[in-house]
Amino acid sequence: MTPFRLLALDIDGTLLRSDGTVSPLTLHALSAARRAGVRIVLVTGRRYPAARRVAAQLQCETDLVLHNGALIVEGEAVVRCRPLDREVARHAIRAGRARGADPVVHRGRAGEGLLVVEGVAPSNTLLAYYLDRSHPDVRHVPDLEAALDEDPLQVMFGGGLAEMAGLRAHLEQELRGRARVERTVYKHLGVSLLDVLDPGVGKAEALAFLQARFSVTAAQTLAIGDNWNDHEMLSGAGLGLVMGNADPEMLTLGLPVLPTNDEDDVALAIERHVLAT
């Protein structure tokens with residue numbers, strides 16, 4: 001078996017436990033893997049400020065794939081940015097509003113992690129909670145489309161499962177291949193997020209960029225994730241492992257299944273597939 005030289009980890013629902021912490025066993029296993037020469041990459045839909053707080057807990061060097069691949073940070077330097085064309089972003093904003101959805105624009109090509117909004121309906125408790133937790137990186141503007149004076153990283157929507165499923169289909173029809181509409185589904189909470197990205201962006205594509213940069217093959221890559229935005233990354237890795245707490249539909253895709261994120265799953269995978277070889 002080809003030894004794994006690159007470990008790609010999703011953050012929420014994978015690396016983090018339900019209480020938002022990293023287990024001591026996982027911290028130990030990650031440090032051991034890094035000492036063994038394995039590159040560790042956190043591959044997430046999060047912004048840089050939010051992902052950096054998690055990376056700081058790991059006690060080992062990590063690289064970051066952010067915004068589902070739109071921004072890549074190696075060490076503390078941005079090594080690649082693939083923003084969304086601003087006219088496509090404006091179209092996405094209008095299309096979302098036509099369905100009653102609240103758009104959030106992500107900006108900051110240097111990793112500033114700014115969230116630009118015109119307003120969020122009080123009934124949209126998911127986005128209200130998200131924006132409240134993201135303070136002070138939130139910017140309120142009177143006209144969101146007019147505020148797009150540069151290409152943003154993405155446009156985001158959030159809400160109930162049925163609402164976001166309908167919006168996803170509507171956005172894909174409206175944008176006609178000019179953007180990628182990525183979904184992250186939290187069935188146990190009854191909510192979903194949609195990220196409108198450059199059409200060439202994705203976790204798998206960003207990981208392939210780093211594989212070439214690090215002279216690592218797909219066969220030498222171990223990837224672990226729990227959601228639909230991880231699917232292509234898991235399928236394209238030498239070994240892709242899906243979390244036991246993933247969307248039940250993901251558990252039927254034929255990928256090996258780990259225990260849940262509250263059962264030291266990442267530590268077990270590292271010990272079995274990286275440190276034991």
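The values are calculated or read from the model by the stated rules, or taken from the named source; none is laboratory data. What you see is a predicted model; the values in this text were computed from it and never measured. FYI the Cβ positions are ideal-geometry reconstructions off the backbone, even for glycines, and counts take in every protein chain you see. What goes into the accessible areas is simple: the full protein's heavy atoms, side chains included, and nothing from ligands, DNA or RNA. Shrake-Rupley method; radii C 1.70, N 1.55, O 1.52, S 1.80 Å.
Of all residues in the stretch 254-276, those being under 20 Å from the mean Cα position of the chain (by Cα), open to solvent by 70 Å² or more (accessible area, probe 1.4 Å) and of a type in the set (A, V, I, L, M) number 1. When restricted to residues that are without any contact (Cβ under 8 Å) to a residue 40 or more places away in the chain, assigned to a loop (DSSP other than H, G, I, E, B) and closer than 14 Å to Arg109 by Cα, the stretch 47-80 contains 1.
Of all positions in the stretch 44-65, none carries a residue that is at pLDDT 95 or above, open to solvent by less than 10 Å² (accessible area, probe 1.4 Å) and in contact with a Lys or Arg (Cβ under 6 Å, 6 or more places away or on another chain). Number of residues in the stretch 118-151 that are aliphatic (A, V, I, L, M) and surrounded by fewer than 12 Cβ atoms within 10 Å (Cβ to Cβ) equals 1. Close contacts from the stretch 160-171, counting a first residue that is surrounded by 15 or more Cβ atoms within 10 Å (Cβ to Cβ) and a second that is in a helix (DSSP H, G or I), with Cβ to Cβ under 6 Å and a gap of 6+ residues or different chains, come to Leu171/Ala95. In the set Ala95, Ala89, only one residue is assigned to a helix (DSSP H, G or I), touching a residue at least 60 places away in the same chain (Cβ under 8 Å) and crowded, with 23+ Cβ neighbours inside 10 Å; that residue is Ala89.
Within the stretch 221-244, the set of residues being crowded, with 21+ Cβ neighbours inside 10 Å, in contact with a His (Cβ under 9 Å, 6 or more places away or on another chain) and in contact (Cβ under 8 Å) with a residue 24 or more places away in the chain comprises Leu222, Gly225, Leu241. Cβ separations smaller than 8 Å between residues 6+ apart or across chains give the following pairs from the stretch 201-216 residues that are in contact (Cβ under 8 Å) with a residue 60 or more places away in the chain and farther than 17 Å from Leu71 by Cβ to residues that are open to solvent by less than 10 Å² (accessible area, probe 1.4 Å) and assigned to a helix (DSSP H, G or I): Val216/Leu210.
Restricting attention to the stretch 3-51, the residues being out of contact with any Asp or Glu (no Cβ under 8 Å at 6 or more places or on another chain) and within 20 Å of Gly238 (Cβ to Cβ) number 14.
For first residues located in the stretch 103-120 and more than 18 Å from Leu167 (Cα to Cα), partners that are among the hydroxyl-bearing types (Ser, Thr, Tyr) and surrounded by fewer than 21 Cβ atoms within 10 Å (Cβ to Cβ) and lie 6+ apart or on another chain with Cβ distances below 7 Å form the pairs Leu115/Ser134. The residues of the stretch 184-220 that are open to solvent by 10 Å² or more (accessible area, probe 1.4 Å), touching a helix residue (DSSP H, G or I) at 6+ places or on another chain (Cβ under 9 Å) and in a helix (DSSP H, G or I), listed by number, are Ala204, Glu205, Ala208, Phe209, Gln211, Ala218, Gln220. The lone criterion from (1) touching a residue at least 60 places away in the same chain (Cβ under 8 Å); (2) open to solvent by less than 10 Å² (accessible area, probe 1.4 Å) left unmet by Ala36 is number (2).
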